[in-house]
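The values are calculated or read from the model by the stated rules, or taken from the named source; none is laboratory data. This one's a predicted model, so the numbers in the text were calculated from it and none came from an experiment. Every residue, glycine as well, gets a Cβ built from its backbone with ideal geometry; the counts of neighbours run over all protein chains shown. Side chains included, ligands, DNA and RNA excluded: accessible areas come from the protein's heavy atoms. Shrake-Rupley method; radii C 1.70, N 1.55, O 1.52, S 1.80 Å.
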Amino acid sequence: MNLFEWIVKLWEENWELFLNGTKNTLIMALVGTIMGFLIGLIIAIIRTIPTSKNTNIIAKVLLKAINFILNAYIEIIRGTPMMVQAVIIYYSLFVPMQLDPMISAIIIISFNTGAYMAEIVRGGIISIDKGQFEGARAIGMDHVQTMFHVVLPQAIRNIMPSIGNEFVVNIKDSSVLNIIAITELMFVAKQAGGTYAKPVPAYIITAVIYFILTFTVTRILRLVEKKLAGSDSYTICGSQSDPNAEIHVKKAKEEFR
Amino acid sequence: MENVITLKNLKKSFSGREILKGIDLEIKKNEVISVIGSSGSGKSTMLRCINLLEEVTSGDVLFHDKSVINGDIDINEYRSRIVMVFQQFNLFNNMTVLDNCVRPQTVVLGRSKEEAKENAMKYLRKVGMAEYINARPAQLSGGMKQRVAIARALSMNPEVILFDEPTSALDPEMVGEVLDVMRELAGEGLTMIVVTHEMAFARDVSDRVIFIDEGVICEQGDPKEFFANPKTDRAKAFLSRFLN
Ligand SMILES: Nc1ncnc2c1ncn2[C@@H]1O[C@H](COP(=O)(O)OP(=O)(O)O)[C@@H](O)[C@H]1O
Ligand SMILES: [Mg+2]
């Protein structure tokens, strides 16, 4: 049999396994990205809390300690391979807890993504004009209100491409979690290829699936980004007191230029 | 009468360089104060110290005789009573004009949406921006943005509004529309501290002029008196430079 025939044969015999693996890969990547994003959001909010010499000493020390732990978390996660993290955490923590492997995998990928997201969100926050913070603080909003109502909506919009990118990375990088026996795509490839000692055709099938996933996701994300960017130039409708408001604004815009 | 805001020997340094060198100032209810002085003299820094955007190095800021430095009053509550209008407007870019005026009320003051909206509309009408409630800041001219920023400030129903060169970033033809609004507010008895280079406004509208030079209040007094007969040499030099 030639390579192509092997591919067809392995697909025909294992397509259900492959689809199941695809499903698990997608679930891990999607949930991991969303959870990771939330973790990153919370960390970024904490790490941008301002202190002054009037902040009380206990709060200051507490914040220092929390920041130290968060920094350590980010550095360690970003500085070691996820495969290594998975093995250590899974076998030392989750196995003794008898936690479901899939749940374990999602937790691992979430915390891994969280470390990257924390930096991405922080970058997004830093990129927002200082005047936006000051406008909010000067009117009496506290740090969390300033973040939620003013800064994060703008920051998140700016970092949408990076968030999407993390999702694509997670689709591919979740492959290392086969090390803790999750039946994601990579695990299925090993299984299917192992039956006849034919890894290459099995991995070609896997590669094609990965590519279809990432390619589709990338296109969808790009559409979403376009939509988001477009809402800047939306039209003004429904002004309550002036039917010509749209015209006024257009004129005003031209004058301003 | 009780002071609304009192500055006591206020000092502010940036990395060891002293910018404010001991400012004493008492602001009464309904007073309109113009703060003038050359660029870099510390006018903005003083305003920013008043609403605690800058951390005060030493001295005190009192609000109704309570220190806002020593935590006698909640900082955010205090800030909502003495809101600031900026040279660069600082409207929230992610919100419509109406939302810019409504959201701070609901978030900071805990007002209901309906109440906040009604209040916001009242002030947007006052500054002539009611037609633009669904516009985004990016769609407005500078003068319009500043009028919305003033409406946003008024929507908080504050006791004092701090203006930091509200017309300096505007094209000349838009300065008038903003000054008109401010003149109207002054006439209605709002307490205002206005850092400005608009000498006509300082002379005709304010109750008192403060001249700041190199981080100290060099001279202050009645506007007509100050502009006609400045007493200090530095004020004389500033005015002759400015008026020519
Ligand atoms: N955040 C800051 N860090 C360092 N120096 C500053 C800062 N803000 C203001 N300054 C300095 O303080 C001086 C006074 O600034 P400012 O109060 O803005 O003056 P004015 O508003 O009167 O033009 C300037 O020399 C300026 O460079
Ligand atoms: Mg200034």
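Points worth noting:
- Amide H contacts under 5 Å for residue B:23, placed H, 5+ residues apart: B:9, B:10, B:11
- Cross-link pairs A:226/B:113; B:8/B:145; A:130/B:145; A:53/B:21; B:117/B:145; A:130/B:29 - those with Cα-Cα distance over 27 Å: A:226/B:113; B:8/B:145; A:130/B:29
- Theoretical FRET efficiency, 1/(1+(r/R0)^6), r = Cβ-Cβ of residue A:73 and residue A:129, R0 51 Å, to 0.05: 0.95
- B:218, B:49, reordered so the largest accessible area comes first (probe 1.4 Å): B:218, B:49
- Within the accessible area of the protein assembly as shown, the carbon and sulfur atoms contribute 58%, probe 1.4 Å, all protein chains present.
- Residue-normalised accessible area of the stretch A:1-146, given per residue in Å² at a 1.4 Å probe: 53 Å²
- For residue B:208, the amide hydrogen comes within under 5 Å of the amide hydrogens of B:32, B:34, counting only partners 5 or more places away or on other chains and with H modelled in the peptide plane.
- Cα centroids of the stretch B:32-65 and the stretch A:109-154: 27 Å apart.
- 14 Å beta-carbon shell around residue A:78, net charge (K/R +1, D/E -1): -3
- Calculated SAXS-style log₁₀ I(q)/I(0) at q = 0.11, 0.17, 0.24 Å⁻¹ - the stretch B:169-238, Debye, Cα scatterers: -0.30, -0.69, -1.11
- Computed from phi, the 3J(HN,Hα) profile of the stretch A:199-207 under the Karplus parametrisation 6.51, -1.76, 1.60 (θ = phi - 60°) reads x, 4, x, 5, 6, 5, 4, 4, 4 Hz, with x in place of Gly and Pro.
- Size of the B/A contact, given as accessible area buried on both chains, probe 1.4 Å, in Å²: 3200 Å²
- Under 18 Å from the Cα of residue A:198 - lysines, other chains or at least 8 residues apart: A:9, A:190
- Each residue of the stretch A:26-41 was assigned a 3J(HN,Hα) from its phi angle through the Karplus expression (A = 6.51, B = -1.76, C = 1.60, θ = phi - 60°), giving 5, 4, 4, 5, 6, 4, x, 5, 5, 4, x, 5, 5, 4, x, 4 Hz with x at Gly and Pro.
- In chain B, Cα pairs under 8 Å separated by at least six residues give a relative contact order of 26 percent.
- Debye-formula intensities of chain A, expressed as log10 I(q)/I(0) at q = 0.08, 0.16 Å⁻¹, are -0.48, -1.20 (one equal scatterer per alpha-carbon, no solvent).
- Our compactness index for the stretch A:10-155, the C-alpha radius of gyration over the empirical 2.2 N^0.38 Å, is 1.34.
- Directionally averaged projected area (the stretch A:96-141, Cα convex hull): 5.1 nm².
- Multiplying each eigenvalue of the alpha-carbon gyration tensor of the stretch B:1-134 by 5 and taking the square root yields semi-axes of 31, 18, 15 Å, largest first, rounded to whole angstroms.
- For the stretch A:14-22, putting each phi into the Karplus relation 6.51 cos²θ - 1.76 cosθ + 1.60 with θ = phi - 60° gives couplings of 10, 4, 5, 4, 4, 5, 4, x, 4 Hz, in residue order, rounded to whole numbers and with x for Gly and Pro.
- Counting only protein heavy atoms and using a 1.4 Å probe, the accessible area of residue B:164 comes to about 20 Å².
- Where only alpha carbons of chain B are counted, the Rg and the Dmax (Å): 17.8, 55
- Beta bridges by DSSP in chain B, antiparallel share as percent, to the nearest 5: 60 percent
- Alpha-carbon Rg with Dmax, taken over the protein assembly as shown, Å: 29.9, 105
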